[in-house]
Structures are given as structure tokens and as C-alpha cells.
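A short worksheet on the structure shown next.
Every number here is computed from the coordinates shown, using simple stated rules; none is lab data. Because the structure is a prediction, the values reported are computed rather than measured. As a convention, Cβ positions derive from the backbone with ideal geometry for all residues, glycine included, and neighbour counts pool all protein chains shown.
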Amino acid sequence: MSPELINLIIQATGESLYMVGIAALLGTAFGLPLGVFLATSRKGELFASPLVNRVLGIIVNATRSTPFIILVVAIIPFTRLVAGTSIGSTAAIVPLTIASTPFIARLVEAAIREVDGGLIETASSFGASPIQIVLKVLIPEALPGLLLALTLAVVSLLGYSAMVGAVGGGGLGDLGIRYGYQRFMPEMMLAVVVVLIALVQIVQSAGDYLARRVNRRLRHR
Amino acid sequence: MNVHQSLAIGQPIETLEAISPAATEPDAMVRFEAISKTYPAYRGKPGVNALQNIDFAIPRGSITGVIGRSGAGKSSLVRLINGLEKPTTGRVIVDGRDISALAGRELRLAQRSIGMIFQHFNLLSSRTAADNIALPLEIAGWAKADIRARVAELLALVGIADKHDRYPSELSGGQKQRVGIARALATRPSVLLSDEATSALDPQTTRAILDLLANINRELGVTIVLITHEMSVVRQLAKEVVVLDAGHVVESGHVADIFTHPKHPITQSFLAEVIGDSLPVSLASRIVAERSAGGQAVIRVQVRGAGAGDTVVARLARELGLDVSLLSARIDEIGGQHVGSLVLGIPSREDVQARVLAWLSQYQFSAEHLGYVA
């Protein structure tokens, strides 16, 4: 494989990591509080507001059921408003964030709901405020689950990022389509797939390792 | 021993007090006033009247047991004390304050003076023993150095100073509950609520934890409220008891009084758990309804009160000039009072039997004729 092609792969890898990294960060920034709220706002819960919970749940479901490629195209005006342009890697971060936020929120919700309800009652019994319960009990106790959720989100984002070539987002997926498929260069297709597999492996292994490290439910000395 | 002394022995204790009405209890730590608690119907489940007409006081500095079967309303009752639940009607006064009227920040401040321990310990798996104990102090906004000192003190108090850096997964059940107790005491509460705190522990560990609670009550003067379905817990630790059944207080008072003279069937069934009301199998299988020459009549005598059972066999034999054999006996001590029963064999003659029963009732022993053995 020629040095030019290798350079293309390196550049595309950089673009993928940039888009996925920023989108994962933003998706977590929005998805974590949203997920915590979804997990604690049903009737009788910490921040009980069943109506808001219901409405947010519907919005989350709607976003998640929209195919990503349609989402990318449908929100182009919004993307232009936020990123100043609708073309390129930076612009692609907008739909990636919008797609990952509800995904992360649902994973966070599931992880938070796994925390023993007795712990919430216990913290309440010694006068913890709802915010203190979230910060000192729910998030630390759910941390292994949250890390695994984030890992899953990053892996999914890598998949989504292959589609942002449609708006000139670049990245590995785009490279694979344009060179591997449209120019019929099977070795390029193979290289892209190998790099993606390696990235997913690294992300997943790192996530598993971190989740295991913070999991004190297991004995380890 | 003179006659007057022996006379007193078989008699009921005269220091009985009726159920102490909340209003007349001068130094109550917790006072329930006309409490009822109803859970409304929800998602197809019918509403539940968990508590009704609850009116009693828990004396300051006491260890009070609240005993009842599952579903009797014990958990609801204890959660009214620390404001985790609100009564549907009535007030709960804790240390002079109406906790049922507090909300938000005021309630959270009041909760710091009420500690609680749980059946399943409810420790944070992500925190070490020390950090678990530190949690209520962090929440109360203590300075780091103060927290460190207080945690060390508490770990020593509950006897696990060496477990400072251990995570809950590395601790035994008893050690976890010690952490739970230390955490509950961290903010120096005046009341400690125990919600079935020993129900998940083995008998030996249970005893050690109950001893620890007794020490804490004695040394720190903390009022302890024990929710339990286990008679052994009440017997070992409590001085006062409240018997709860189907959301009602059916009896309450000093442990010794309640269990030497149980009135309600529930109280009697709890007592039977301790003293047993069944005969040993080998004896029960020999008892027949028909009198036989040379055999014995079997009489069961209830023993209630301090030293009540000590002399009954000897006195019966001496005063009536009879051969009395002890077929079975089970006597336990509850609140310093003897509670149990003796099963006696006496000569199987109708006149003897009548004299013995008359003698027993004269000294206020309750007795029943069970049958005959050959």
C-alpha cells in the first residue's frame, strides 16, 4: 500500500477519533443528567415528576428510533446554526451528539436503576438531599455500570461515524466507502475494517478494565 | 423460708402498669399521637391501612422493642419516627419536635439526630468501611479532619478498628452491621432505629450485635427502637415492648409485665416461641386419657414471675406429703422474670389430683391436667 494511502488512513483515523471523542464527551454531558433524571423521576421517586418523565421518555424514544442517516440530513439547518457549517468533521459532531445523548441516557438510566433502592432510603434516613443522594450514592454505586455504558456508546458512535461521510464528515467509514467501494480498492476496505476492529477492541478492553477496577462488589485484594 | 415470702412468690407482680397513654408519659423520646397510615390504591393494588389508632410513647433512654408478624406495620411505624414516611393522620413527636410536620431542609436537619440500621446493612459497595461511616458526616458538612477523627472513634466503638480500609464485600455480616451501627451513630443521634438489624445474621453474631447495642444504650444513653419479628431479640435486649398486630398496638409496657401476663393471642404466640408450649415427644407419646393403677397424673404448671418456679416442686411434695416427679420443665427469663412451665407427675388418684390443683390455685399458679402416664 502506497504511503499516500497510508496517510489517508491515518488522517481518517484522526477524524474518526475527533468526531467520536467530542460526541462521546458531549453525549455524556447531556445524557448523564438526562439518564439520572429518567431513573429518578417516576412517581414516588427522588425527583418525582411523572409527567416530565413521560414526555422526556417519548422524546428519547423518538430520537432513538430515527435512523441515523435520516437524522443527519434532517437536522442540517440546526447543525448549521450550532456549528456554523453543515459540512465537515466538526459539523458531524452535532448529529453524532444528538444521536448518542438519548442512547447514553437510557444506558445511564438502566445503570442507576440497578442501584439498590435501600441505599436511597438509607441516605435519606440520615438527611441527605436529593442532589447529595445522586452525587454521593447513585453515581458512585452505579459507576461500573456507567463505565460499561459509556464504552458501549463509544463503540456505537464509531459505527455511526461511518455514515457522516454523507455530509462530508470524513473519517474511516467515509474512506472505506469512497476508496474501498466506489473506487473498488479491496485492500483499502480491508485496512479500514482492520483499523475499526482494532479501535473497538481497544475501547472495549479499556472500558472493561476500568469498570472492573472500580467495581468493589467483587473481592479483590 | 416463711410462709409470707413463699406466698408472694406465686403471685402476679403488682407493679403492672396499663398501656402508657402518650399524654401521661412525661419524658418520652418518641410519642405517637393518634397515628394512622394508609397507603392509597395504586396501579390496581388496593389501598392498605398499615397503621390505625397508634398512641404510645417510647421513654427516653430506653430500649423498646416493637414486635409483630410480617405485615403488622412495624416498618411503617419506624419510618414515621425518622420522617421517611408521613402519617395519614396524627403526629409523631421526636425529642419534643413534631417530625411529621417537617419537610425539606428542616426535616433533613432533624434526621441527623435519628440514626437507623437495616436488615441488609445498606452499605455503599463503592466505599470502604471508614468511608461508609463518613458518609453522613460528609452530608452534614463536617470538615475533613473532624470526619477522620470521628470515624476512627466510631470504628473503635463498634470494635472493628482494623477494618478501616476494607470494602463491604470483604466483611462478614456481623462486621457489616457494625459498620452500619457506626454510621448510624456518626452524627451523635439521640435515637437509634433498628429495622430487623439482626434478622440476616446467625444466632451467635446476633447475640454479639445485641450486646453491642446494649452497650451503646448504656454508655451513650441513646434511645433504641428495635423493630423485630424475633422474640429472642426482644427478650435479650428490650426493657419495653410494643406488640403490633394488623396495624394496631395490641399490648405495650414493660417486657417483664407483658410476657409474664400475655393477654393477646399474638403476644402469647410470641411467648410460646421462647418457652415452647409443646411437650417433649417421648413424654407426649406416653400420655393417655385413662387412669391406670400405679401410674401418674400429669399436671402442667405455668411459671410466671421472679423465682416463681424455684420451690413449687419441693413445697408441693412437703406440704401435701406427695411424691412429685418432674417430667419436663422449661423456664426462661424475660425482663428479669421467670416465664415457662413445669410438667409434674403426681400419684394417679382422684383425691390427690384435686388437692394438688386446689393447692396450686391457692398460690395463684395456673395449672392444667394433661392426662396420665403409666
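Provide a whole-number value for the mean count of partner chain Cβ atoms within 10 Å of the Cβ atoms in peptide A:100-113. Mind dumping the intermediate values first?
Details: counts 0, 0, 0, 0, 0, 0, 0, 0, 0, 0, 0, 0, 0, 0.
Mean number of neighbouring Cβ atoms from other chains: 0.
Report the calculated FRET efficiency for A:SER205 and A:ARG54 (r = Cβ-Cβ distance, R0 = 41 Å), to the nearest 0.05. Let's see the in-between values first.
Numbers: r = 38 Å, r/R0 = 0.94.
Efficiency computed from Cβ-Cβ geometry: 0.60.
In the neighborhood of A:ILE133, defined by Cβ-to-Cβ distances under 13 Å, what is the net charge if each Lys or Arg adds +1 and each Asp or Glu adds -1?
-3
Quick one: which of B:235-245, B:290-300 comes out on top by average Cβ neighbours within 10 Å, and what's the full order, highest first?
For the peptides B:235-245, B:290-300, the packing ranking is B:235-245, B:290-300.
Note the direction-averaged projected area, equal to a quarter of the hull surface, for the Cα convex hull of the stretch B:285-330, in nm².
4.2
Whole-Å semi-axes of the stretch B:205-285's equivalent ellipsoid, largest first, each the root of 5 times a Cα gyration tensor eigenvalue?
Those come to 26, 18, 10 Å.
In Å, what is the Rg of the alpha-carbon atoms in the stretch A:1-112, and how long is Dmax?
Cα only, the stretch A:1-112: 17.3, 63 Å (Rg, Dmax).
Jot down the radius of gyration and Dmax of the stretch A:72-177, Cα atoms only, both in angstrom.
Every Cα atom of the stretch A:72-177 included, Rg and Dmax give 18.6, 58 Å.
Cα convex hull of the stretch B:232-374: mean projected area in nm², to one decimal?
Numbers: hull surface 36.9 nm².
If I average the Cα hull's projected area over directions, I get 9.2 nm².
Please state the Cα pair-distance histogram of the protein assembly as shown with 10 angstrom bins from zero: what percent is in each bin?
It works out to 3, 13, 18, 17, 14, 12, 9, 6, 4, 3, 2, 0, 0, in whole percents.
If the viscosity is 1.002 mPa s and the temperature 20 °C, what translational diffusion coefficient in µm²/s does Stokes-Einstein give for the stretch A:148-221 when Rh comes from Kirkwood over Cα pairs? Write down the numbers at each step before the final one.
On the way: Rh = 13.9 Å.
Approximately 155 µm²/s, per Stokes-Einstein.
Can you pull the Kirkwood radius for the stretch B:295-374, inverse mean 1/r over Cα pairs, to one decimal in Å?
About 12.6 Å, per the Kirkwood formula over Cα pairs.
Report the equivalent ellipsoid semi-axes for chain A in whole Å, largest first, defined as the square roots of five times the eigenvalues of the gyration tensor built from alpha carbon atoms. Provide the component values of the computation, followed by the final result.
Values: eigenvalues 281, 94, 27 Å².
Working through the eigenvalues yields semi-axes of 37, 22, 12 Å.
Give me Rg/Rg_expected for the stretch B:151-206, where Rg uses Cα atoms only and Rg_expected = 2.2 N^0.38 Å with N residues.
1.12
Counting only other chains, and only Cβ atoms inside 10 Å, what mean value do you get across the residues of A:127-136?
On the way: counts 15, 7, 4, 0, 0, 4, 1, 0, 0, 6.
Going residue by residue through A:127-136 and averaging, the value is 4.
Across the residues of B:112-120, average count of Cβ atoms on other protein chains within 10 Å?
Taking the mean over all residues of the peptide, I get 3.
With each run of n ≥ 4 DSSP H residues scored as -39500 (n - 2.57), what mean residue ellipticity at 222 nm is computed for the protein assembly as shown after dividing by its residue count and rounding to the nearest 500 deg cm²/dmol? Write out the running numbers ahead of the final one.
On the way: 23 runs with 292 residues, N = 595.
The helix-only estimate for the protein assembly as shown comes to -15500 deg cm²/dmol at 222 nm.
On a C-alpha basis, how far is the centre of the stretch A:1-59 from the centre of the stretch A:99-178 in Å? Whole number, if you could?
Spelled out, the Cα-based centre of one part sits 7 Å from the other.
Could you work out, for the stretch A:83-124, what percent of all Cα-Cα pairs fall into each 10 Å distance bin, beginning at 0 Å and stopping at the bin that holds the largest distance?
Reading upward from the zero bin: 25, 27, 22, 15, 11, 0.
If I require 20 Å or longer along the helix axis, counting alpha carbons, and a Kyte-Doolittle average no lower than -1.0, what helices from chain A are left? Use full DSSP H segments.
A:3-40, A:50-65, A:89-113, A:139-161, A:186-214
Which FRET efficiency, nearest 0.05, do B:ASP332 and A:GLN132 yield, Cβ-Cβ r, R0 30 Å?
0.05
Helix B:350-362 versus the longest principal axis of chain B: what is the Cα-based angle in degrees, 0 to 90, to the nearest 10?
Result, in degrees: 40.
Please quote Rg/Rh for the stretch B:76-215 to two decimal places, taking the Kirkwood radius as Rh and restricting both calculations to Cα atoms.
Reported Rg/Rh, Kirkwood definition of Rh: 0.98.
Starting from the eigenvalues of the Cα gyration tensor, five times each then square-rooted, give me the equivalent ellipsoid semi-axes of the stretch B:86-143, largest first, whole Å.
Result for the stretch B:86-143: semi-axes of 27, 15, 9 Å.
Divide, for chain B, the radius of gyration over alpha carbons by 2.2 N^0.38 Å, where N is the residue count.
Against the empirical 2.2 N^0.38 Å value, I get 1.19 for chain B.
Among the aspartates and glutamates, which fall within straight-line cross-link reach of B:LYS176, defined as a Cα-Cα distance under 18 Å, with same-chain neighbours fewer than 8 residues apart omitted?
Filter leaves A:ASP116, A:GLU121, A:GLU141, B:ASP131, B:GLU153, B:ASP162, B:ASP165, B:ASP195, B:GLU196, B:ASP202, B:ASP211.
Sorting check: for A:209-216, B:140-147, B:252-259, which peptide has the highest mean count of neighbouring beta carbons within 10 Å, and how do the rest follow?
Highest mean packing first, the order is B:252-259, A:209-216, B:140-147.
For the stretch B:312-352, just the Cα atoms, rotate onto the principal axes and tell me the three extents in Å, largest first.
Largest first, the stretch B:312-352 extends 37, 18, 14 Å along its Cα principal axes.
Taking every DSSP beta bridge that has both residues in the protein assembly as shown, what percent is antiparallel when rounded to the nearest 5? Don't skip to the answer; put the middle values down first.
Numbers: 48 of 68 bridges.
Just about 70 percent of them are antiparallel.
Distance cut-off 30 Å, Cα to Cα: go down the list A:LYS136/B:LYS239; B:LYS45/B:LYS263; A:LYS43/B:LYS74 and report the pairs above it.
A:LYS136/B:LYS239; B:LYS45/B:LYS263
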